[in-house]
1. Is it fair to say SER209 is modelled with pLDDT under 80, closer than 28 Å to PHE181 by Cβ and surrounded by 12 or more Cβ atoms within 10 Å (Cβ to Cβ)?
2. Is there a residue in the stretch 47-65 that is modelled with pLDDT under 85 and farther than 14 Å from THR160 by Cβ?
3. Considering LEU226, LEU244, which residue is aliphatic (A, V, I, L, M), surrounded by 10 or more Cβ atoms within 10 Å (Cβ to Cβ) and either at pLDDT 75 or above or not in a strand (DSSP E or B) (or both)?
4. Can you tell which of LEU124, LEU172, LEU140, LEU157 is in a loop (DSSP other than H, G, I, E, B) and surrounded by 15 or more Cβ atoms within 10 Å (Cβ to Cβ)?
5. Can you name the condition, by its number, that ALA108 falls short on among (1) modelled with pLDDT of 85 or more; (2) over 24 Å from LYS46 (Cβ atoms); (3) not charged (D, E, K, R)?
6. Does the stretch 137-149 hold any residues that are in contact (Cβ under 8 Å) with a residue 60 or more places away in the chain and either closer than 17 Å to CYS180 by Cβ or among the aromatic types (Phe, Trp, Tyr) (or both), and which are they?
7. So, LEU88, is that one touching a His at 6+ places or on another chain (Cβ under 7 Å) and at pLDDT 90 or above or not?
Amino acid sequence: MLKYSQTAAIANLDSHRLGRPYHRLPSLFMSKFDILESRIGNYFLKKHRANLTLKKIACAVDINNKNADLLVSSMGHLAFDIDRPLLLTILNNFYGLDSQEDESSHRARLPTKTEARLRTRLALDLCHILFHQETWGLPLTVKADNSTIISQWAYQLTFTLGDDEHSGFHILLDNAHTDCFLNMLRQKERPHTDTSPVDRKNSNRAVVSKLIETLPLSLNVKIAALSMDVASLTAIRAGDIFPLTLPDTFPVFIGQSPLFHALIVEENDRLYLSDITPTAPEKSYE
């Protein structure tokens, strides 16, 4: 229990992200590292005469970027940004610079139209490579969008192409594209078992589904619980804050009887129960 003056370091719970496993997304992208490394390396070598290799993929949430090149797809918006040293390296390899002094002076100047055209070309080509049908099963067609202004992004992917941390490019995703990858993650982690119709009929998932379809049941999800004695209860004042710890999965009850544990996920502005795990039956001792 804290006063308002003691809550400066406490993060607010963002309700629209409740149940979204953002922390699992890096593993989804890293599972495609070898494929992306090969395609990105071949692209820069053949198209831009640059021997660049994918070294690392980094992920970040809630990114503010006002300088990225905006793109639009059938799902929503995404954006592309590239570190200027990498952009100038590509220009140097393709067009050539006379000396290091020329390259240094070029970096000190404002971005030119040649750089802007190259950024647009890289944005479209790299998005086509990254969101390829054979990679994700998602043929994402993008095009430049110069009429919309977006500075806040739900998720960012950073592809480092060298030993220098500032030698990479960034793909920024809005909520719609991020939800698409979260849905891929849920489908990938959902177990697929080859069972006979009899086994499926006897499984816990089928039993629960049958009960929900035929009986007017009310399911109660226990989000959190807090134990408090009478003295503390009577001392509650306006502005008090109660610390709560949210579990990984949430128990679901029918009345007072535990039914199963599940994740709470959000999709299309609605909350759902996902990854259902049956509650272990209580042991009886005679």
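1. The answer is yes for SER209.
2. Yes - at least one qualifying residue is present in the stretch 47-65.
3. When all the criteria are applied, what remains is LEU244.
4. When all the criteria are applied, what remains is LEU140.
5. Going through the list (1) modelled with pLDDT of 85 or more; (2) over 24 Å from LYS46 (Cβ atoms); (3) not charged (D, E, K, R), ALA108 breaks only (1).
6. Answer for the stretch 137-149, where residues must be in contact (Cβ under 8 Å) with a residue 60 or more places away in the chain and either closer than 17 Å to CYS180 by Cβ or among the aromatic types (Phe, Trp, Tyr) (or both): LEU140, THR141, VAL142.
7. In short, no.
The values are calculated or read from the model by the stated rules, or taken from the named source; none is laboratory data. Because the structure is predicted, anything quoted here is derived from the model rather than measured. Please note: Cβ atoms are built from the backbone with ideal geometry, for glycine as well, and neighbour counts cover all protein chains shown.
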